Amino acid sequence: MIIPILIEELLKAGVREENIYLLSGSGNHRKWTAPQLRAYLSPAIYDRFAPAGSASRVLNHDCHDPENLVYMGTSSLGDYVEYNRALEDSELFIYTGTVVVSNWGGMTGTGVIIGFPSTRSMTSTNGFPVVGHPDSCHANQHTMMYRSHKEAIMA
């Protein structure tokens, strides 16, 4: 629902459509297939950004592709920070995600750290030493260890 609205707002603001890319952030999960992306985005949006016979502007994040990953340093908590190159190369990067209650850190969809990391970066937040730690599994979302790691990486 939000993607068509964002596209139209970007166009109204003067962004040229050929400069808009849709990047699926599947983290370390498998990449979506073209038919799945088409169904998710809608045929109209998918066909508009991935026209037959042309280069697609509907892309999948690949957590294993060194060409499209950039090392950004370490967080204040020592997390390895390596993410999709689009985060650094884009003039504007808009992240949307499903927001649902999570045991770790309050809500999902709270940042690109889950959708666009390298495999090595994902272990900083989703490895057992963080996710399985008792300080990541209590009721106060503002003081959870997991959320602290997410915030340190975003900083």
If we keep only residues of the stretch 49-83 that are over 19 Å from the mean Cα position of the chain (by Cα) and on the phi > 0 side of the Ramachandran plot, then the residue surrounded by the fewest Cβ atoms within 10 Å (Cβ to Cβ) is GLY53
Within the stretch 135-155, residues within 19 Å of VAL101 (Cβ to Cβ) and in a helix (DSSP H, G or I) come out as ASP135, SER136, MET145, TYR146, ARG147, SER148, HIS149, LYS150, GLU151
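Out of contact with any His (no Cβ under 9 Å at 6 or more places or on another chain), modelled with pLDDT of 95 or more and among the basic types (Lys, Arg), is that true of ARG30?
Judged against the criteria, ARG30 is not a match.
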Given the conditions (1) surrounded by 14 or more Cβ atoms within 10 Å (Cβ to Cβ); (2) on the phi > 0 side of the Ramachandran plot, every one holds for LEU22 apart from (2)
Residue pairs qualifying under the 8 Å Cβ cut-off, at least six apart or on distinct chains, with the first in the stretch 127-155 being charged (D, E, K, R) and the second being in a loop (DSSP other than H, G, I, E, B), are ASP135/THR143; ASP135/MET144; ARG147/TRP104; ARG147/GLY105; ARG147/GLN141; LYS150/GLY105; LYS150/THR110; LYS150/GLY111
message: For the structure I just gave you, tell me whether LEU22 is under 24 Å from TYR146 (Cβ atoms), modelled with pLDDT of 95 or more and touching a Lys or Arg at 6+ places or on another chain (Cβ under 8 Å).
response: no
Of those in the stretch 96-132 that are surrounded by fewer than 16 Cβ atoms within 10 Å (Cβ to Cβ), over 29 Å from ILE5 (Cα atoms) and out of contact with any Phe, Trp or Tyr (no Cβ under 7 Å at 6 or more places or on another chain), the residue modelled with the lowest pLDDT is ASN103
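The values are calculated or read from the model by the stated rules, or taken from the named source; none is laboratory data. As the structure is a computational prediction, the values presented were derived from the model and not from experiment. Glycine gets a Cβ as well: all are built from the backbone with ideal geometry, and neighbour counts include every protein chain shown.
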